[in-house]
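Asks: Handing you a structure now.
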Amino acid sequence: MSTQNNSTDKSTSLPTEQADEVTEVQKHTYDPSSFLSEISGKQVVVKITSGILYNGFLQTVDGYMNIVLENTQEIVNGEVKSKYREVFIRGNNVLYISAV
Amino acid sequence: MSASIESQGSFMTEPLDLIRLSLNETVYVKLRDGRELTGRLHAYDSHCSMVLGDVEETVSSIDENDVSKVTTKTNKSDMLFVRGDSVILVSPCVPEKL
Amino acid sequence: MLFFSLFKTLVGQEVTIELKNDLSIRGTLKSVDQYMNLKLDNITTLDEASFPHLCAVRNIFIRGSVVRYVHLPVNAVDTALLEDAARREAMTQAGTPVK
């Protein structure tokens, strides 16, 4: 609790431009679901628990992290193994979704 | 009832809509343990459990003696229920293998 | 709910259940519950050599979570009805899109 207070004290003592920068960063990093809506339609890489990567355009995501990608490459050990026009990935297999 | 079913239309707003739009179409399903299925989708639920017709299953496994060798075996089934927890991905068309 | 209803209509039919440990069991479907736990009668295993301890078993309860596939008798399944039921269920429980 006291450390948190210290850190807020520090941020308030920053010059105003820098303080603005912090809130701008917070807007992008501190809310996972706003990140997801931000990258919908964009090119993403999805890694699943088996280590396989899927590189494609994010169409939709839901609360279970079920994902639909368009024009997707399946990458196994760094090599493109297959291509999908559209693919649904079941959310429980997802490790991460990253914007490229 | 059927009118309101029509009104769901072909628009996709959530991921499971892709599976709904594949009803009565051939789908490709990738499962855990190196299993793949292609068959006609007759039913699914929110867990991705499915009933597929005219299914061909391909099982890929690493050769016991030679780790670099992969053996595949295919099986057929007329009507198959697949439990959703084994599903990794579902695609409305068979992927282009490279 | 959809598949619970489907399996209820299949009670009395011969089915083959493939488990996640690769064991396949064929028998008459006796009952099913909401978790897709299944009871079978008059069972035979397709691979008795690797599971000899099941030879004497006639009646079995299978926990739903260990099932990989259930092979269904094709003439006992009305596919058009299933597709309609699947669309109807999708409509009643539209998911929660991420905002």
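The values are calculated or read from the model by the stated rules, or taken from the named source; none is laboratory data. Just so we're clear, the structure is a prediction, and the values are computed from it rather than from any experiment. Here the Cβ positions follow ideal geometry from the backbone for every residue, glycine too, while neighbour counts run over all protein chains shown. The protein model used for the area step is the full one, side chains on, heavy atoms only, and it has no ligands, DNA or RNA in it. Shrake-Rupley method; radii C 1.70, N 1.55, O 1.52, S 1.80 Å.
Asks: Quickly run through the range A:62-73 and pick out the residues that are part of a strand (DSSP E or B) and at the interface with another protein chain (Cβ under 7 Å from one of its Cβ atoms).
Replies: Within the range A:62-73, A:Asp62, A:Ile67, A:Val68 meet the criteria.
Asks: Of the residues in the range A:53-63, how many are modelled with pLDDT of 95 or more and open to solvent by 20 Å² or more (accessible area, probe 1.4 Å)?
Replies: Result for the range A:53-63: 4.
Asks: Considering only the range A:70-86, state which residues are over 17 Å from A:Gly51 (Cβ atoms) and open to solvent by less than 60 Å² (accessible area, probe 1.4 Å).
Replies: A:Tyr84, A:Glu86
Asks: Among A:Ile67, A:Ile39, which is the only one that is within 13 Å of the chain's Cα centre (by Cα) and modelled with pLDDT under 95?
Replies: From the options A:Ile67, A:Ile39, the qualifying one is A:Ile39.
Asks: Right, next: Please enumerate the residues belonging to the range B:7-58 that are open to solvent by 20 Å² or more (accessible area, probe 1.4 Å), touching a Ser or Thr at 6+ places or on another chain (Cβ under 7 Å) and more than 9 Å from every other protein chain (Cβ to nearest Cβ).
Replies: B:Leu21, B:Thr26, B:Gly34, B:Glu36, B:Thr38, B:Glu56, B:Thr58
Asks: Restricted to the range B:59-74, and to residues that are touching a residue at least 12 places away in the same chain (Cβ under 8 Å) and within 23 Å of A:Asn93 (Cα to Cα), which residue is most open to solvent (accessible area, probe 1.4 Å)?
Replies: B:Ser61
Asks: What's the number of the condition B:Ser61 fails, among (1) assigned to a strand (DSSP E or B); (2) among the small types (Gly, Ala, Ser); (3) modelled with pLDDT under 90?
Replies: (3)
Asks: Right, next: Taking the range A:36-48 on its own, how many of its residues are open to solvent by 20 Å² or more (accessible area, probe 1.4 Å), of a type outside the set (D, E, K, R) and more than 9 Å from every other protein chain (Cβ to nearest Cβ)?
Replies: Total satisfying the criteria: 3.
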